[in-house]
Amino acid sequence: MEKEKIFVLMSQAIIEGQQEEAVRLAREALELKLDPAEVIEKGYVPGIQKVGELWEKGEYFLPELISSSEAMKAAMAILEPEIKKQDQGLRARGKVVIGTVEGDIHDIGKNIVASMLQASGFEVFDLGADVKLEKFIEKAEEVKADIIGLSALLTTTMIGQKRLIELLQQLELRERYKVIVGGAPVTARWAKDIGADGYAENAVAAVHLVEQLLGTKRER
Amino acid sequence: MGKSVETSKEIKVMIKPGERIIQGEMGENLAQILKRGGINLNTWCNLRGICGKCAIEIIEGRVNEKKEEEIKIEKIKKWPQNYRLACQIYLEGDIKIKIPEESIIKDIKILDRGLMIKKEIEPAIKKYQICFVHNDLIKAGSILNYLREKLKIEELKFSLKSLESLGHFDLENDVIIYIYDGKELVRISKGVLPSPLLGLAIDLGTTTIVMEAIDLESGEILGKQTDFNHQLSFGSDVLSRIAFACASPDNLKKLQTTVIDELNEMIEKFRDDCGLEEENFMEAVIACNTTMNHLLLGLPVASLARAPFISIFSSIEPLRAKELNLRLNPEARIFIAPNIRSFVGGDISAGLMAAGLFERPGPFAFIDLGTNGEIVIKKDDQIVVTSTAAGPAFEGGNLSCGLPAVDGAIWRAELINGELKIETVNERPARGICGSGLIDLLAIFLQQGVIKPDGRIAQGREKIEIQDNIFLTQGDIRQAQLACAALKTGFRLLLENLCLDPRELQAIYLAGGFGQELSVENSQVIGLIPRIEKEKVIFLGNTSLAGARLLLLNNSSRQHLLSFLERIEYISLAMEPNFQDYFLQALRFGPWP
């Protein structure tokens with residue numbers, strides 16, 4: 001099959017959230033000895049970008065977003081080891097430590113953001129829900145993260161986002177990380193008030209925000 | 001000790017009119033015989049001969065002589081000579097009697113609709129007229145001992161203050177003694193004035209407060225008031241009120257005073273409008289969610305809204321009105337319906353009690369749909385409960401044209417010959433959409449294909465026009481999907497926990513804001529509730545208020561409720577491994593199972 005045709009099918013599989021098809025195409029690409037980096041860039045990435053557009057237009061909602069990003073992740077899981085084998089040194093677009101702050105056990109929103117970031121090529125360290133503030137910083141230090149993402153779903157736990165920023169300041173680490181916040185009760189205003197580097201209303205916006213903060217925006 | 005031959009002799013009690021005969025034994029108490037025979041005789045004072053409520057008319061037969069107290073009651077009540085207190089009669093031979101209507105305990109209807117639940121009037125607080133018989137008083141040795149004997153309460157509890165007030169009464173006249181929970185002396189008043197025994201049933205909602213003044217002896221509802229909860233100005237839902245309360249100790253105090261002041265204003269209105277004196281209100285039962293009862297008591301609420309979501313109390317001993325600055329009788333008791341968990345409060349526990357659901361074998365589901373959707377499912381002896389964050393969409397909260405069910409809100413819609421017909425509250429010109437209207441509209445648009453099952457508006461349109469300036473946007477539909485999915489996911493996880501297929505449910509009871517205007521079919525079309533026969537979906541109305549009413553009028557219900565609560569298992573949805581998968585699946589509109 002022609003390369004271009006496969007790329008179209010790959011993009012289609014991601015848009016439709018067809019995980020099995022996305023995986024099958026990834027395997028086929030390897031059998032055909034296609035360059036895995038090019039396959040990701042030209043086959044799969046346009047798909048997930050289209051998904052983002054459909055979300056922004058309101059045509060896609062959470063289930064579609066999740067199945068597309070899951071399909072994307074599954075395909076990447078096939079291709080990335082090959083890239084490493086070939087030692088092409090594919091670098092992640094950036095590292096994000098993410099979690100729901102302490103006192104809060106809600107994590108669907110955070111999971112979707114993590115999934116979309118991963119599908120968009122960022123390396124994501126998901127710490128889960130009800131995460132101690134110190135834990136975010138430890139992990140970020142350990143993996144040399146670029147960004148710390150904090151989710152809070154309750155008006156009563158949002159305060160954790162503010163405290164983390166204060167904690168970073170106390171430890172004189174504030175300059176080292178970009179801190180982004182999100183969650184149902186969180187607003188751009190709140191993000192600004194607590195001195196966060198950014199706020200995103202949803203998973204697709206979060207991808208844009210991270211790209212913008214790291215200056216790694218892809219050409220559309 | 002064996003009974004003597006004479007006392008075990010069988011005797012007959014014949015009840016007129018009719019030929020009903022109940023067998024008794026020589027020397028046996030008549031009230032007890034009648035009770036045993038299934039007659040619902042009013043034994044308000046537990047056979048102590050002091051309340052005068054178990055009067056019967058003797059038609060034929062010989063009985064023991066009246067004592068001084070009975071003669072006093074007879075005079076007060078102006079009874080004919082042949083009237084006697086059944087509890088003071090010990091049989092000496094066959095008798096024929098007639099039982100007046102007023103000596104039979106009346107049942108009270110608990111729910112306003114949906115299910116017929118009747119309970120006996122048996123309040124926690126009772127009043128008794130006591131006369132002082134000189135010889136007995138001398139024998140007893142002290143006024144307190146006299147009361148102990150007359151009331152037949154050996155361990156009579158009292159405060160120093162009530163002891164003091166005992167000394168202020170003239171022993172020539174009768175007094176009225178108020179006893180709480182069968183053991184505690186809470187008030188003494190002069191026996192000459194007729195004073196009603198009143199109570200309040202209060203549904204203290206996050207949005208609305210409903211208060212009923214009830215005569216505790218007759219069960220009659222004497223007045224009712226409804227008002228918005230004035231705490232609304234500090235936040236519309238429980239979480240925003242918790243956030244406000246946590247911001248400073250002054251804020252917590254402010255929330256408490258706001259609600260207490262409002263309750264006092266309502267109590268005052270009962271005096272102004274219905275002539276009910278504050279001092280005669282001897283008890284209040286308050287049913288509300290956990291946050292509301294914590295705020296009412298001025299308790300810190302921080303722990304309620306962060307993991308592990310723990311309340312300060314579930315159940316507490318009744319408080320005194322004066323402790324809360326409630327303007328009832330200062331000694332009036334305030335009973336708070338017990339909480340189940342931090343997000344499933346006394347409003348739900350009282351509601352379950354009111355609907356008699358603990359006694360029903362099930363399997364059934366009980367849903368109280370508001371900003372939080374509480375779900376309870378019972379199967380045999382197992383009861384599981386959860387709370388879902390449904391959000392305000394079904395209360396018209398976060399929709400572009402959303403309204404609560406006020407004048408002009410679209411609350412019903414249907415397709416007639418392919419044309420959309422809408423109905424508004426009080427037939428006022430349409431100015432928005434409330435919850436039940438939203439459900440109808442969603443169902444219609446789904447069936448027409450205007451909305452796809454994934455929630456998308458067909459043909460890439462951004463909104464659906466319903467009338468001039470009233471529309472549903474893509475964002476509104478997304479909000480409805482989230483609300484619907486939250487409830488559906490909770491429902492599914494509880495059912496799974498009990499290994500129950502939704503089709504096995506014998507009933508789904510709906511409590512809370514939604515009333516008969518909610519279309520069961522359309523709720524099932526969008527998937528808000530599972531598909532079971534329409535007749536099995538039963539609207540119960542305000543079960544929280546009904547529960548408060550029941551707990552106020554029937555003291556034993558309180559103990560029952562507490563023992564039932566021990567059997568309830570709380571399921572935290574966010575901790576369930578399948579929660580996310582189910583939630584994402586549930587975002588799709590459509591009937592289930």
Sort through B:Gly391, B:Gly397, B:Gly408, B:Gly356 and tell me the only one that's in contact with a strand residue (DSSP E or B) (Cβ under 8 Å, 6 or more places away or on another chain) and among the small types (Gly, Ala, Ser). B:Gly408
Could you please find all residues in the stretch B:84-109 being in contact with a strand residue (DSSP E or B) (Cβ under 6 Å, 6 or more places away or on another chain), assigned to a loop (DSSP other than H, G, I, E, B) and within 25 Å of B:Ser557 (Cα to Cα)? B:Ile105
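Each row is one residue, and each column tells you yes or no for (1) touching a Leu at 6+ places or on another chain (Cβ under 6 Å); (2) of a type in the set (D, E, K, R); (3) within 14 Å of chain A (Cβ to nearest Cβ).
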| position | (1), (2), (3) |
| --- | --- |
| B:Ala485 | yes, no, yes |
| B:Phe491 | no, no, no |
| B:Tyr509 | yes, no, no |
| B:Ser519 | no, no, no |
| B:Val537 | no, no, no |
| B:Gly541 | no, no, no |
| B:Glu566 | no, yes, no |
| B:Glu576 | yes, yes, yes |
| B:Arg588 | no, yes, yes |
Can we say B:Lys126 is basic (Lys, Arg) and more than 25 Å from the chain's Cα centre (by Cα)? no
Of the conditions (1) more than 10 Å from chain B (Cβ to nearest Cβ); (2) outside any loop (DSSP other than H, G, I, E, B), A:Ile112 satisfies every one except a single condition; which number is it? (1)
Please work out if B:Ser311 is in contact (Cβ under 8 Å) with a residue 12 or more places away in the chain, among the small types (Gly, Ala, Ser) and not in a loop (DSSP other than H, G, I, E, B). no
Of the residues A:Val131, A:Val97, A:Val101, A:Val113, which is touching a Leu at 6+ places or on another chain (Cβ under 6 Å) and crowded, with 20+ Cβ neighbours inside 10 Å? A:Val101
For the stretch B:452-483, how many residues meet the condition of being modelled with pLDDT of 90 or more and away from every other protein chain (no Cβ under 12 Å)? 7
Within the stretch A:178-193, track down each residue that is β-branched (Val, Ile, Thr) and crowded, with 20+ Cβ neighbours inside 10 Å. A:Val179, A:Ile180, A:Val181, A:Val186
Quick one: which residue in A:Val45, A:Val51 is within 15 Å of the chain's Cα centre (by Cα) and within 21 Å of B:Ile451 (Cα to Cα)? A:Val51
Residues in the stretch A:53-60: is at least one closer than 26 Å to B:Phe589 by Cβ, within 14 Å of another protein chain (Cβ to nearest Cβ), in contact with a Leu (Cβ under 7 Å, 6 or more places away or on another chain) and assigned to a helix (DSSP H, G or I)? yes
Pick from A:Ser11, A:Ser68: which is polar (S, T, N, Q), buried (at least 21 other Cβ atoms within 10 Å of the Cβ), touching a residue at least 12 places away in the same chain (Cβ under 8 Å) and within 14 Å of chain B (Cβ to nearest Cβ)? A:Ser68
If B:Trp79 passes every condition in (1) among the hydrophobic types (A, V, I, L, M, F, W, C); (2) outside any loop (DSSP other than H, G, I, E, B); (3) over 23 Å from B:Ser189 (Cβ atoms); (4) more than 27 Å from the chain's Cα centre (by Cα) but one, which one does it miss? (2)
Which numbered condition B:Val520 misses (of (1) β-branched (Val, Ile, Thr); (2) without any contact (Cβ under 8 Å) to a residue 40 or more places away in the chain; (3) touching a Pro at 6+ places or on another chain (Cβ under 9 Å)): (3)
Quick test for you: out of A:Leu164, A:Leu133, A:Leu154, A:Leu168, pick the one residue that is out of contact with any Ser or Thr (no Cβ under 8 Å at 6 or more places or on another chain) and under 23 Å from B:Glu576 (Cα atoms). A:Leu154
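The values are calculated or read from the model by the stated rules, or taken from the named source; none is laboratory data. What you see is a predicted model; the values in this text were computed from it and never measured. We place every Cβ from the backbone using ideal geometry, glycine too, and count neighbours over all the protein chains shown.
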